[in-house]
1. Got a sec? Which of N147, N140, N69, N122 is in contact (Cβ under 8 Å) with a residue 60 or more places away in the chain and surrounded by fewer than 20 Cβ atoms within 10 Å (Cβ to Cβ)?
2. Could you please let me know if Y117 is buried (at least 19 other Cβ atoms within 10 Å of the Cβ), outside any helix (DSSP H, G or I) and at pLDDT 95 or above?
3. Sort through A75, A112 and tell me the only one that's within 18 Å of the chain's Cα centre (by Cα) and not acidic (D, E).
4. I'm trying to understand the selection: among the residues of the stretch 99-115, which are in contact (Cβ under 8 Å) with a residue 24 or more places away in the chain, within 21 Å of G263 (Cβ to Cβ) and not hydrophobic (A, V, I, L, M, F, W, C)?
5. Quick check on my filter: what residues within the stretch 74-88 are under 21 Å from T138 (Cα atoms), in contact with a Leu (Cβ under 8 Å, 6 or more places away or on another chain) and not charged (D, E, K, R)?
6. Considering only residues that are exposed (fewer than 15 other Cβ atoms within 10 Å of the Cβ) and within 14 Å of T277 (Cα to Cα), look in the stretch 45-54 and name the one that is farthest from the chain's Cα centre (by Cα).
7. Of all residues in the stretch 116-155, which are of a type in the set (V, I, T) and under 19 Å from G260 (Cβ atoms)?
8. Given (1) under 17 Å from the mean Cα position of the chain (by Cα); (2) crowded, with 21+ Cβ neighbours inside 10 Å; (3) under 27 Å from E49 (Cα atoms), where does G107 come up short, assuming only one miss?
Amino acid sequence: MANRRRPRSRLHAVMRCGLLALLVLFVYWDNTALRTDSLTYTSTALPAEFDGLRIVQLSDLHNREFGKNNQRLYAAVKQAAPDLIFLTGDLVDEYAEAPIPYAKAVGKALSAIAPTYYVTGNHEWAVGGVPALKEILTANGVTVLSNQFVPLERNGDTITLAGIDDPNGYADQKTPQQVAREVRDAAPEGFWLLLAHRNNLFESEYAALGADLTLSGHGHGGLWRLPFTDGLLGSGGTLLPSYTNGFYTCRGAEVFVSRGLGGMVRLFNRPEVAVLTLRRA
């Protein structure tokens, strides 16, 4: 009897090894295969000339490489044919060996595709040297929005783009409320977009600022996306978080949250290149 059981035991061992190998391959693919998601944001307040504006949002890269020198990432962005590119924080990672050279390479490559705008996330401030980081991005064609706003013009129509630094920034920086007041003073009835890294501050803080649409990251899609949830883990270890993927509305304000590209091990949550098309209702 013992001799008869050995082949079956070997078969079971081979099957277990095969299943383990398939799982490892799936997890690797799930963390490295870029997914381009195309979405539409519609508003009656959007000026007519901005109807059809295409935005690529990239968030939470955390020094990740997709292909040699990020060539797969740049190819995906270029294929999306964006009018604008938004980098919504955590471009670099606090544990990375070379954050500044990485930021320089990414900024130079993306700004060669389309006008690129950037706001800090919490990891930039954890790394330190944020002024140097902002300088290198600016020198390589990226517009850094540090509690600032800029007008965007198309054929005589104008909208406003504002960006706020992460709360981990300097204690004496402008508050989001101050930035919002400046935007309203400059364009009282105008359409405006807000870049703000932290998804988990939208409900408590950013929703009250008055932006037509806020674009955020930080949540990494909840890392492990389980059925009927917004993911298993939020930033900071929050269980079953919200505001991690796509559009949300709170008190009449809207936010789009990117699942991001890097971070810890992801499951059923591929790295996202988000393509938003603005439409006038």
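1. Values: N147 fails: in contact (Cβ under 8 Å) with a residue 60 or more places away in the chain; N140 fails: in contact (Cβ under 8 Å) with a residue 60 or more places away in the chain; N69 fails: in contact (Cβ under 8 Å) with a residue 60 or more places away in the chain.
Selected residue: N122, the only one of N147, N140, N69, N122 that is in contact (Cβ under 8 Å) with a residue 60 or more places away in the chain and surrounded by fewer than 20 Cβ atoms within 10 Å (Cβ to Cβ).
2. On the way: buried (at least 19 other Cβ atoms within 10 Å of the Cβ): yes; outside any helix (DSSP H, G or I): yes; at pLDDT 95 or above: yes.
Here the answer is yes, as Y117 does meet what is asked.
3. Unique residue meeting the criteria: A75.
4. P99, Y102, G107 - these are the residues of the stretch 99-115 that are in contact (Cβ under 8 Å) with a residue 24 or more places away in the chain, within 21 Å of G263 (Cβ to Cβ) and not hydrophobic (A, V, I, L, M, F, W, C).
5. Residues of the stretch 74-88 under 21 Å from T138 (Cα atoms): 74, 77-78, 82-88.
Right, trim to in contact with a Leu (Cβ under 8 Å, 6 or more places away or on another chain) and you get 74, 77, 83-88.
Result: Y74, V77, L84, I85, F86, L87, T88.
6. First, the residues of the stretch 45-54 that are exposed (fewer than 15 other Cβ atoms within 10 Å of the Cβ): 45, 48, 52.
Then keep just the ones that are within 14 Å of T277 (Cα to Cα); that gives 48, 52.
Details: A48: 27, G52: 21 Å.
Selected residue: A48.
7. So in the stretch 116-155, the residues of a type in the set (V, I, T) come out as 116, 119-120, 127, 130, 136, 138, 142-144, 150.
Passing the criteria: T116, V119, T120, V127, V142.
8. It is condition (3) that G107 fails.
The values are calculated or read from the model by the stated rules, or taken from the named source; none is laboratory data. These figures come from a predicted structure and were not determined experimentally. Note that each Cβ is placed from the backbone with ideal geometry, even for glycine, and that neighbours are counted across all protein chains shown. Side chains included, ligands, DNA and RNA excluded: accessible areas come from the protein's heavy atoms. Shrake-Rupley method; radii C 1.70, N 1.55, O 1.52, S 1.80 Å.
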